[in-house]
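Notes follow once the structure below has been shown.
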Amino acid sequence: MLKCLEEIAQKLVTPGQGILAADESDNTIKKNFDSIAIKSTQQSRRDYREMLFREKKAIQEYISGIILFDETIRQKAADGTPLIELISSADAIPGIKVDRGTKLLTSSDIEKITEGLDGLRERLVEYYEMGARFAKWRAVITITDLKPTRYCINVNAHALARYAYLCQEVGLVPIVEPEVLMDSEHAFHDINRCYEVTASTLRVTFEHLIDAGVSLDSIVLKANMVTSGRLCVKQACSEEVAELTVRCLKTNVPSIVPGIAFLSGGQNEVLATERLSLMNQISNLPWNLTFSYGRALQATALATWAGSKVNVLAAQKAFSYRAKMNSLATFGKWNADIEVGLSSFAQKLNP
Ligand code: 13P
């Protein structure tokens, strides 16, 4: 079983490929659909995701795995094919978000705890039987002058470790995602503060993973890049982001971990690609670095689709193009000359 888990983890972070995070919760996808004036219904969500999953050539080439939301893993395409089959037939691995979102920590008016441990073992078995081979759990850490507390980092790391152990027990590779937020309403922090908080979050998370007996060679870490907060006046440049992110990861992530797949976290599409590429130009990295982007893979595709059948081909092209740019970034081979045509629409969606 573990050998197989290791292989799945390796495949998820194969150079040239990365993960499509298509597991937006109902609230998040509603917000995304509001931005293109589309009503979020079971059918519109299905149509949108089906459109992405049917971009078979791009998925085969550039996408190693796709993270689904509970509704999506149960849905069928318009012609009756289960969506999960579209993914497998494009040689990508289906994954599933298994946390149940965040709630306020009782001791705090800002900090959050991720819920979903109750009944998790049974849900994981069901997802495995449905064909999922990896899972995702997202914890969020908010930075202010006085936060995060050690308590918040600890309880979230504890939950991530319990989740990760259960995943491996049933044959799913856990994506471990402790996200230090760069786009919260409190995000006035500079890049050095992000470094400090990301470092402690990663250190504590790995302590808990080790204590829980999680096999670190069979996980994927989904990390934030070390960036300035969205509201910080002085934004760090991409070179600094790349350098500090790699330094922070080298100090806190054991080299036995096969790979780190970044979230985009509110960076626009091109910046997320550029920074991934710069990191992959740094030599002697102990793990593969790739993408597990939601917004930074979908913004232009979503805006191009705009809920209309006539735009499907153009939207698929936009998705395919973005995936290709990020694929190049996993080799450190993206550059601004290759990048063309980010639509102004997407800039508006994702400034
Ligand atoms: P973003 O890339 O939009 O941050 O989403 C990735 C994700 O899956 C967060 O859990």
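Past 25 Å, Cα to Cα, is the threshold; run 97/250; 39/112; 31/317; 250/317; 103/136; 11/136 against it and keep the listed order.
Beyond 25 Å: 97/250; 39/112; 250/317.
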Exercise. Could you grab the Rg to Rh ratio for the range 1-103? Cα atoms only, Kirkwood for Rh.
Key: 0.99
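Expressed as cubic angstrom per residue, what is the convex hull volume of the alpha carbon set of the range 168-235?
Dividing the Cα hull volume of the range 168-235 by its residues yields 86 Å³.
Convert 4 °C to kelvin, take the viscosity as 1.567 mPa s, use the Kirkwood radius over C-alpha pairs of the range 34-151 as Rh, and evaluate the Stokes-Einstein diffusion coefficient in µm²/s, rounded to a whole number. Intermediate values should be presented prior to the final figure.
Working: Rh = 16.4 Å.
My calculation gives 79 µm²/s for D.
Can you pull the Rg over Rh of the range 239-280, Cα-only, Kirkwood? Write down the numbers at each step before the final one.
Numbers: Rg = 10.8 Å, Rh = 11.1 Å.
For the range 239-280, the value is 0.98.
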Self-check item: Mean shadow area of the chain over all directions, Cα convex hull, nm²
Solution: 16.1 nm²
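Assuming 0.36 nm per residue, please report the length gained on full extension of the stretch residue 106 to residue 336 beyond their Cα-Cα distance.
Between residue 106 and residue 336, full extension yields 78.2 nm more.
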Quiz item: Over the C-alpha atoms of the range 181-278, what are the Rg and the largest Cα-to-Cα span, Dmax, in Å?
Solution: 13.7, 42
Quiz item: How high is the relative contact order of the chain, in percent, with contacts defined as C-alpha pairs under 8 Å that are six or more residues apart?
Solution: 18 percent
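Just so you know, all these numbers are worked out from the coordinates, no wet-lab data involved. A quick note: this is a predicted structure, and the numbers were derived from the prediction, not measured.
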